[in-house]
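Colleague: The following block contains the structure, expressed as structure tokens.
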Amino acid sequence: GELIALIHSELSEALEALRHGNPPDDKVPDFNGAEAELADAVIRIMDMGEARGWRIAEAIIAKAAMNKTRQVRHGGKKF
């Protein structure tokens, strides 16, 4: 649970960056705040998967391929 909470905190930081105009990140200024925080979330996810022997990268590829076959806004979702 703690690792998922840390991933969630990175996503919340990306949202905060967007709320504040998405300025350049203070640690990697070549990227905006949302880019840097989303990268942190992906890094945490990949670290978590690696520690457990999960095939996250393969799952991403499989899910992306499957999603290409789905209707836009499947299930009537507005967003």
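Colleague: Does Leu18 satisfy the condition of being touching a helix residue (DSSP H, G or I) at 6+ places or on another chain (Cβ under 9 Å) and open to solvent by less than 90 Å² (accessible area, probe 1.4 Å)?
Modeller: Values: touching a helix residue (DSSP H, G or I) at 6+ places or on another chain (Cβ under 9 Å): yes; open to solvent by less than 90 Å² (accessible area, probe 1.4 Å): no.
No: the conditions fail for Leu18.
Colleague: Is it fair to say Glu13 is in a helix (DSSP H, G or I), out of contact with any helix residue (DSSP H, G or I) (no Cβ under 7 Å at 6 or more places or on another chain) and open to solvent by 70 Å² or more (accessible area, probe 1.4 Å)? Before you say what the answer is, go through the steps one by one.
Modeller: Numbers: in a helix (DSSP H, G or I): yes; out of contact with any helix residue (DSSP H, G or I) (no Cβ under 7 Å at 6 or more places or on another chain): no; open to solvent by 70 Å² or more (accessible area, probe 1.4 Å): yes.
No; evaluated as a whole, the condition is false for this residue.
Colleague: Within the stretch 48-64, track down each residue that is closer than 26 Å to Gly1 by Cβ and either open to solvent by less than 90 Å² (accessible area, probe 1.4 Å) or modelled with pLDDT under 95 (or both). Before you say what the answer is, go through the steps one by one.
Modeller: Let us first name the residues in the stretch 48-64 that are closer than 26 Å to Gly1 by Cβ, namely 48-60, 62-63.
Matches in the stretch 48-64: Met48, Gly49, Ala51, Gly53, Ile56, Ala57, Ala59, Ala62.
Colleague: I'd like to check something: does the stretch 22-32 contain any residue that is open to solvent by 90 Å² or more (accessible area, probe 1.4 Å) and in a helix (DSSP H, G or I)?
Modeller: Checked the stretch 22-32: no residue is open to solvent by 90 Å² or more (accessible area, probe 1.4 Å) and in a helix (DSSP H, G or I).
Colleague: Which number in (1) touching a strand residue (DSSP E or B) at 6+ places or on another chain (Cβ under 8 Å); (2) surrounded by 11 or more Cβ atoms within 10 Å (Cβ to Cβ) marks the one condition that Ile45 misses?
Modeller: (1)
The values are calculated or read from the model by the stated rules, or taken from the named source; none is laboratory data. These numbers were taken from a predicted model, which means no experiment stands behind them. Note: ideal-geometry Cβ built from the backbone for every residue, glycine included; neighbour counts use all protein chains shown. The protein model used for the area step is the full one, side chains on, heavy atoms only, and it has no ligands, DNA or RNA in it. Shrake-Rupley method; radii C 1.70, N 1.55, O 1.52, S 1.80 Å.
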